[in-house]
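Worksheet for the structure shown next.
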Amino acid sequence: SCDNEGGSSCVFLAANDPIAIEAGYQCVGTSFEKCKAADITACCSPNCKGTPGNPGNPPVGGPDPGNSPVCGPKVTPMPTPQPTTAAPTPACELGVNYQFAGGSCTMSGDPHTRIYNSNKHDFQGTPLVPIDPADPNGPLRNQFYYIHPCFGESDAAMPLKVAGTHYHWGTRSVSGIDHLSVTLTESSTEKYYVYLSSSVAAYADASNTPSDYDIALQNAAGNLNHLSDGTTSISSRFSIQYNSYSNSAQKSWFKITIDGDKDFTVYMQGQSGQVGTPARYRMHYVSMNVPEQLKCFTCGLCGDFNIFSTGATTEAMEGCDGSLINYRAGWNPTYTPEAFDTFGWTWEKYYTDNQCSTGPYDNTNNIQTPVTDPCGDATFANKVEAACIQAIADKSHCCGVIGGNFCDGLLEDCKVDACAGANGVESAIATQINEIIIGPIEAVCQDPTLVDNEEPDPLDFECVVREGSSTNTPGSPSTVSCHAGEVLTSCGLRGVHQVYGTYIDPANPNTCMAGTMVTSYSVKAEAVCCTFTGVDATQVTVSTITSTVSTNNQIETECPDGSQVTGCQLNIESGDNNYLRGAYSGANQGVSTPPSTTLPVDTHNQCVAESQRDATKIRGGAQCLSLPAGFEFDCVATAQYTNKGNFKGNCPAGGYKLVSCQVYTTVATLDAWHYTGSSAGNNAGCYVQQDSHQNQYANGICCKLQQTGVPVLAAAKKLLPVTNHIVDGVEKDTYYFESFGIIGLVLILCGGGLYWRKNKKDGYQPVKGIDSEEINPFLKDNRV
């Protein structure tokens, strides 16, 4: 039969009719048939702008945009000589059709998303943009698929989709995860929406209810079935277990069981206060775990289980058409415009459902509304950052219990989210931090199974001191080089008075030099030389960046993208002797202002060097270390107001080790700063000295070595245990493949440049979107 289309009649087309082939149906509406007859490539569904026909009377606020432009059965296939049987859905098997177990997909704040392979992005979207520009009061492009079947996979194989509904946050350009709309496909004719948040738990028949909960609540409230604590059966395939934590309204836990043996779990906790109409938490911490039986079918903004992390600034994920889309972390529209891509890197719900195609897609050129920095004032931002750091320190015990990078991720998120939520009101910072950091940490600390941490354990590395010969000849510095297989992470000096400073020649970045300004005092160069366990020494490189351009007696020197600052240099280039103020890593604190001594801080991948007067011309330098694909060096800056050898680095727990020593003074003049002991003996520290051994700001850089998900060529074809995690109360090992065929080889050889991936249907596909060689200068200031 060919049922009538609402508002018009239908027409039954021949199976080989181009319009039937294009639509995938023989029974289509007459308006659709006329539209396609005029232009076979036109968008002709009832929701398309300018399409003839009457789509009906939608509820106020707009209908669910997933209406089909057709009515009736699909195209009848041509008869075959023998009956055919549909192939069974292939089982997901680790190492066969998906490549790694992965961790939870988590979203926090506005929102910062950590995907299955541990990469991070900060996709915001433009959730106030209407689907139809001619209808500003119609449905919005505010729902984005975080979980969706990969290109070529059916709803039968992957009966689960999860769309995050983004809520535009006040006057700022950022968004929050308001609620999740989960699509459950029972059959080709039966689907359900499940609405989830810290205070929302309901489901409805998707055929007559919008996917946006607020529109459903306003215009189809009678269709909503609200969940109570316990287990509810939705259909023959799906049941939901719900825990409201005694109707807390701020946190909830869900387990959706599919076919009795596939458990999809979600934990949600409200952040940044209740807003909107009706008032509720519209920004959430979210943790989602996909069952292993569905991992080979899973794509979306949470990524997939096939593309490993490369550790590069620019990464890639699969789009709705199976091609790869480049993305970067960060939310500053100047440097990462893709964070505000209106079409969600092809995963905006309406785009995916109705407009997904294999044509070119540029996620840096789809911003359809002005965007601004959500935390504009630098002074206020610094206050927020300090409060976030202190909050993490106060929860150090829980952070140790949880493990992985959970607390580190929340800290970076907090610097932006609390700033945006407080909206310039200093008294509001504490409330924001309590909901953004303290709440999620306490919840996961009490129940670590809420998050599946796939953070690899830190790898060991050792640093020792190599000492140069003594010199008291100006212009003839003391020099010392690291041994074969070692790399120079920093350069210090052992002196008495009137020192020239330290210098590393960019042409010889493995040699440390230190000099004296007068013959009365001698000096020795002190090199910190490190080796890295399991890393091919020939693939570890260091470079030195120097600068002589100073402003207000200061020089900032930044390490290039793809490298990590490990040490800072400072020396007199010309002018008055003995007026070095010092150097440190991290954000520039201002002229004559020492580094922060509160807690470990972001290095900002830079060094700040300073002299005490204009007549002392200085040269600053940064030592920059690069590791091969598959490894990363995560570093923080520390400082303490003390003297002599009392600074022991103050490195955080979790595998961080001291790799450099610097000093900064606000009085007197500098005499010495150098590394002491060794990291292997766990007795590393810094010795600093100025006139009369007065206190000064000893500071250093602490780093930890980790392995990422990218396979390492030197150790191919074996499995590495990455971490222990808890599944249903049982501790298990998770393994990453270190070799995965041509994909791994290409990723290694390209090093994060142009990716290619074997597409399920169309062969090898190039990446779409950003030029992979572009860098993200914003990340040096905002690792969000």
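The values are calculated or read from the model by the stated rules, or taken from the named source; none is laboratory data. These figures come from a predicted structure and were not determined experimentally. A quick note on method: Cβ atoms are made from the backbone with ideal geometry, for glycine too, and the neighbour counts reach across all protein chains shown. We work out accessible area using only protein heavy atoms, side chains counted, and drop any ligands, DNA or RNA first. Shrake-Rupley method; radii C 1.70, N 1.55, O 1.52, S 1.80 Å.
Here the range 208-259 is the region considered, the condition is being of a type in the set (G, A, S) and within 19 Å of S187 (Cα to Cα), and the residue that is least open to solvent (accessible area, probe 1.4 Å) is S211. Regarding the range 516-534, can at least one residue be identified that is open to solvent by 60 Å² or more (accessible area, probe 1.4 Å), closer than 23 Å to E462 by Cα, without any contact (Cβ under 8 Å) to a residue 40 or more places away in the chain and of a type outside the set (D, E, K, R)? Within the range 516-534, not a single residue is open to solvent by 60 Å² or more (accessible area, probe 1.4 Å), closer than 23 Å to E462 by Cα, without any contact (Cβ under 8 Å) to a residue 40 or more places away in the chain and of a type outside the set (D, E, K, R).
Taking the criterion of being more than 19 Å from Y167 (Cβ to Cβ) and in contact with a Lys or Arg (Cβ under 6 Å, 6 or more places away or on another chain), the residues of the range 269-293 that qualify are P291, Q293. Going through (1) within 27 Å of F305 (Cβ to Cβ); (2) within 28 Å of the chain's Cα centre (by Cα); (3) at pLDDT below 95 one by one, T183 falls short only on (3).
The single condition among (1) in a strand (DSSP E or B); (2) within 25 Å of the chain's Cα centre (by Cα) that K191 does not satisfy is (2).
When Y116, Y203, Y146, Y193 are checked against the criterion of being closer than 26 Å to T358 by Cα, in contact with a strand residue (DSSP E or B) (Cβ under 7 Å, 6 or more places away or on another chain) and modelled with pLDDT of 95 or more, a single residue qualifies: Y146.
Mind checking which residues of the range 596-616 are polar (S, T, N, Q) and assigned to a strand (DSSP E or B)? Of everything in the range 596-616, those that are polar (S, T, N, Q) and assigned to a strand (DSSP E or B) turn out to be Q606, S611, T616. Taken as a whole, the structure places T597 among residues that are surrounded by fewer than 19 Cβ atoms within 10 Å (Cβ to Cβ), β-branched (V, I, T) and either within 24 Å of the chain's Cα centre (by Cα) or closer than 18 Å to Q690 by Cβ (or both).
Give the number of residues within the range 680-707 that are of a type in the set (G, A, S), touching a Leu at 6+ places or on another chain (Cβ under 8 Å) and open to solvent by less than 10 Å² (accessible area, probe 1.4 Å).
So the first thing to find is which residues in the range 680-707 are of a type in the set (G, A, S), and the list is 680-681, 684-685, 692, 698, 700.
The next check asks that each one be touching a Leu at 6+ places or on another chain (Cβ under 8 Å); those that pass are 684-685, 700.
Now drop any that are not open to solvent by less than 10 Å² (accessible area, probe 1.4 Å), which leaves 685, 700.
Number of matching residues: 2.
The combined condition, being modelled with pLDDT of 95 or more, of a type in the set (F, W, Y), assigned to a strand (DSSP E or B) and touching a helix residue (DSSP H, G or I) at 6+ places or on another chain (Cβ under 8 Å), is fulfilled by F264. Condition (residue is surrounded by 20 or more Cβ atoms within 10 Å (Cβ to Cβ) and in contact with a helix residue (DSSP H, G or I) (Cβ under 8 Å, 6 or more places away or on another chain)) applied to the range 287-294: is it met by at least one residue? Within the range 287-294 (the criterion being surrounded by 20 or more Cβ atoms within 10 Å (Cβ to Cβ) and in contact with a helix residue (DSSP H, G or I) (Cβ under 8 Å, 6 or more places away or on another chain)), the answer is yes, since at least one residue qualifies.
When the range 224-258 is filtered for residues that are touching a Gly at 6+ places or on another chain (Cβ under 8 Å) and either in a loop (DSSP other than H, G, I, E, B) or not hydroxyl-bearing (S, T, Y) (or both), the ones remaining, listed by number, are Q241, A249, Q250, K251. Considering the range 558-583, the residues that are over 12 Å from C607 (Cβ atoms) and small (G, A, S) include one that is surrounded by the most Cβ atoms within 10 Å (Cβ to Cβ), namely S563.
State whether one or more residues within the range 453-470 are closer than 30 Å to N683 by Cβ, in contact with a Phe, Trp or Tyr (Cβ under 6 Å, 6 or more places away or on another chain), open to solvent by less than 20 Å² (accessible area, probe 1.4 Å) and at pLDDT 85 or above. Checked the range 453-470: at least one residue is closer than 30 Å to N683 by Cβ, in contact with a Phe, Trp or Tyr (Cβ under 6 Å, 6 or more places away or on another chain), open to solvent by less than 20 Å² (accessible area, probe 1.4 Å) and at pLDDT 85 or above. Whether a residue is modelled with pLDDT of 90 or more, open to solvent by 30 Å² or more (accessible area, probe 1.4 Å), part of a strand (DSSP E or B) and of a type outside the set (S, T, N, Q) was assessed, and R619 passes this test. Total residues in the range 542-557 satisfying the condition of being open to solvent by 60 Å² or more (accessible area, probe 1.4 Å) and hydrophobic (A, V, I, L, M, F, W, C): the figure is 1.
Yes or no, residue by residue, for (1) over 18 Å from the mean Cα position of the chain (by Cα); (2) surrounded by fewer than 20 Cβ atoms within 10 Å (Cβ to Cβ); (3) not in a loop (DSSP other than H, G, I, E, B):
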position	(1), (2), (3)
G303	no, no, no
N306	no, no, no
T310	no, no, no
D321	yes, no, no
W331	no, no, no
A339	no, no, yes
N354	yes, yes, yes
D362	yes, yes, no
